[in-house]
Amino acid sequence: MTTNEKKIHDLFEELVPASGAAQTVAGEITRAINRLCYRNWNDGDHLGVGYGRETCNPAGRYLSKKCDGKVAAMVTACWGVVDDDDYDALLDILEGLVLDYVEAHPELKTTPNTEDMWDYRDEDEDVDTYDEDEEEDW
């Protein structure tokens, strides 16, 4: 486990409920970055790619809207990256930027959250475009 992963895990344990949206903005930010990491580590989902469109895109949009420009730019850099090694490296940078943002804004740990990252779902864009014919090309 990387240093960033450990810190995110600890924040998640502190701020995120067992289910549903977090009670604080920092908790929901942590929930969103954890979602991206979890989907990558466990299922190989990437922002803007295949099934990752359904499982990751809302969390990415939430982070872009709730954090600073550095985080938003890194979410954009991650979006659509297919190569696993490249995505892993970019995601690690994104984790660090999100952690830096939360640490620089401790008030977010007590700021009531009124949104769910899933509110950022785009019904037209966040669908898996898997095509069975593509599998035959492999």
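The values are calculated or read from the model by the stated rules, or taken from the named source; none is laboratory data. Just so we're clear, the structure is a prediction, and the values are computed from it rather than from any experiment. In this analysis, Cβ positions are derived from the backbone assuming ideal geometry, glycine residues included, and neighbour counts consider all displayed protein chains.
Structure summary
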read-out	value
Residue ID - surrounded by the fewest Cβ atoms within 10 Å (Cβ to Cβ), chosen from residues in the range 48-66 that are within 21 Å of D100 (Cα to Cα) and out of contact with any Asp or Glu (no Cβ under 8 Å at 6 or more places or on another chain)	K65
Given (1) farther than 17 Å from E5 by Cα; (2) in a helix (DSSP H, G or I); (3) at pLDDT 95 or above, number of the condition D126 does not satisfy	(2)
Test: G69 is on the phi > 0 side of the Ramachandran plot and surrounded by fewer than 16 Cβ atoms within 10 Å (Cβ to Cβ)	no
Per-region count, the range 18-76, residues within 13 Å of the chain's Cα centre (by Cα) and hydroxyl-bearing (S, T, Y)	6
Filter pass, A22 being surrounded by fewer than 17 Cβ atoms within 10 Å (Cβ to Cβ) and in a loop (DSSP other than H, G, I, E, B)	no
